[in-house]
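These notes are about the structure you will find just below.
Rule-based calculations on the coordinates, nothing more; no lab input. On a predicted model such as this, the values are computed, not experimentally measured, just so you know. Ideal geometry is used to build each Cβ from the backbone, glycine not excepted, and the neighbour counts take in all protein chains shown.
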Amino acid sequence: MASTASNASKLEKPVSLIWGCELNEQNKTVVFKVSDDDKSEHQLALRTVCLGDKAKDEFHVVEIVPQEDGSDAQPVPIATLKPSILPMATMVGIELTPPITFRLKAGTGPVYISGQHIALEEDYSWAEEEVEEEVEEEEEEDPESPPKAIKRPAASKKAGQAKKKMDKDEEESSEEDSLAKKGKGAGRGRKPAAKK
C-alpha cells in the first residue's frame, strides 16, 4: 500500500528555474511574484547577493519587506555588503514563498540577487507509467506465449511395464554396441551367425 508521501510525489513534479534581479539607485524595489492564475506551489531559494563592479565603496543593505497583511512585521535585512570588505554573500537555507519584496535600504548598488525558483507542478506522467505496466501484464498473459511446463500424471501399471520393457531393449542394444567396439562381432553391427 502506497504512503501519502509517495502519492504526493506522484502528483507534483518540481520544476526549477534560475531567477535573478538587480537593485540600484533607480530601481530600489523588486517584487518576485507569480501569476494569480497559476495554481502550482512556488518557492524562491536565495543563493547569492552580490555587488556589481560599479558599486561605490559604501554599505549596501538589502532587506525583505513583509507583505502588508495588517501585521506589524518589520523589514528583515538579509545582506550588508561593501566592496572592500564583503562584495558577495552566499545564502543558505533561505526559502521564501511569493510574493516577496526585495528593497535596497542603503547604498546605490548595483546589487544582484540570484536564486532558484522552484515550482511544484501537477504531474500525470505516473498515470501513463501505470497504463504501460498494465499493457505489459496483459501481454504476459497472451495465449500465444510459449506453454509452461506441464506436470504429467502418474504412470499406470501398463505404462510402467512398457517402460521396463524399453529399458531392457536399450540394455541389449548397448551390449551389442560394446561387443562391436571390442572387435568381437562381424564388424558390421550384426550378430555372428549361430553355428548348427
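What translational D, rounded to a whole number of µm²/s, comes out for region 32-89 from Stokes-Einstein when the hydrodynamic radius is the Kirkwood one over Cα pairs, at 25 °C and 0.890 mPa s? Here the translational diffusion coefficient equals 175 µm²/s.
Taking Cβ atoms as reference points and 14 Å as the exclusive limit, the residues near S84 contribute a net charge of -1, counting Lys and Arg as +1 and Asp and Glu as -1. The Rg/Rh ratio for region 16-120, using Cα coordinates for both the radius of gyration and the Kirkwood hydrodynamic radius, is 0.98. How many lysine pairs in region 15-109, separated by 8 or more positions in sequence or lying on different chains, have Cα atoms less than 14 Å apart? For region 15-109, the number of qualifying lysine pairs is 4.
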